[in-house]
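Have a look at the structure below, then the notes.
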Amino acid sequence: MSEDYIKKGKVFKFGDNISTDHIAPGRLFHLRNDLEEFSKHVLEDADINFAKNVKKGDFIVAGNNFGLGSSREHAPQIIKIAGVGAVIAKSFARIFYRNAINIGLLAIECDTDKIDNNDELELDIKNGIIKDLTKNIEIKITPLPDVMIKLLQDGGLVEHLKKNGDFKLV
């Protein structure tokens with residue numbers, strides 16, 4: 001199995017209704033043309049230390065309705081630029097979810113109640129398993145279809161089209 005299917009990282013846990021304003025603070029919207037700088041402020045309205053502490057591959061874990069609010073496409077972009085390996089939530093706002101997939105940010109829906117802040121996770125997107133290595137438990141998720149994995153591996157919809165020149169996903 002390719003290691004592209006397996007992701008490991010630490011959990012940063014958030015609650016319900018984390019909005020795009022929490023993710024990409026509106027007062028910093030002037031940074032939208034400098035997404036690297038904007039990413040240094042990702043989620044600071046929900047956790048002031050998140051951007052300083054997140055490491056490449058770590059996970060955002062949340063409750064219901066992650067990404068609600070505006071259709072601000074900068075929200076998933078700066079999460080991805082910050083190095084987050086996946087956002088795992090009970091549910092997503094529809095536009096946020098679509099924007100995340102389109103830019104190649106893995107967004108997984110599942111029951112997150114048993115996952116706590118600072119837990120270490122191993123996410124197997126091909127087989128549909130989240131292993132909480134801290135608690136030694138497994139959470140089943142719906143395995144991603146190969147077409148979705150390919151799209152994510154290519155970096156999202158636009159990068160896939162640039163790479164392949166058309167919409168071939170397999």
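The values are calculated or read from the model by the stated rules, or taken from the named source; none is laboratory data. Note that this is a predicted model, so its numbers are computed, not measured. When we count neighbours, we look across all protein chains shown, and the Cβ atoms used for this are built from the backbone with ideal geometry, even at glycine.
Here are some notes:
So that you can scan it fast, the table gives a plain yes or no per residue for (1) part of a helix (DSSP H, G or I); (2) modelled with pLDDT under 95; (3) over 19 Å from Phe96 (Cα atoms):
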residue: Asp21; (1), (2), (3): yes, yes, no
residue: Val42; (1), (2), (3): no, no, no
residue: Ala51; (1), (2), (3): yes, no, yes
residue: Lys56; (1), (2), (3): no, no, yes
residue: Asn64; (1), (2), (3): no, no, no
residue: Arg72; (1), (2), (3): no, yes, no
residue: Pro76; (1), (2), (3): yes, no, no
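- Some residue of the stretch 29-52 being in contact (Cβ under 8 Å) with a residue 40 or more places away in the chain, surrounded by fewer than 20 Cβ atoms within 10 Å (Cβ to Cβ) and of a type in the set (S, T, N, Q): no
- Total residues in the stretch 11-54 satisfying the condition of being of a type outside the set (Gly, Ala, Ser), closer than 25 Å to Cys110 by Cβ and in contact with a Lys or Arg (Cβ under 7 Å, 6 or more places away or on another chain): the figure is 1.
- Selection status of Ile88, part of a strand (DSSP E or B), out of contact with any helix residue (DSSP H, G or I) (no Cβ under 7 Å at 6 or more places or on another chain) and not hydroxyl-bearing (Ser, Thr, Tyr): yes
- Lone unmet requirement of (1) within 21 Å of Tyr5 (Cβ to Cβ); (2) modelled with pLDDT of 95 or more for Leu144: (2)
- Flag if Ile95 is touching a residue at least 24 places away in the same chain (Cβ under 8 Å), more than 13 Å from Ile23 (Cβ to Cβ) and either among the β-branched types (Val, Ile, Thr) or not in a strand (DSSP E or B) (or both): no
- Any hit, the stretch 31-42, residues being of a type outside the set (A, V, I, L, M) and either in contact with a Pro (Cβ under 8 Å, 6 or more places away or on another chain) or closer than 21 Å to Glu122 by Cα (or both): yes
- Restricting Lys135, Lys114, Lys126, Lys150 to those that are more than 23 Å from Ala46 (Cα to Cα), modelled with pLDDT of 95 or more, over 14 Å from the mean Cα position of the chain (by Cα) and basic (Lys, Arg) reduces the list to Lys135.
- If you go through the stretch 69-89 and pick out every residue that is of a type outside the set (A, V, I, L, M, F, W, C) and touching a residue at least 60 places away in the same chain (Cβ under 8 Å), you end up with 1.
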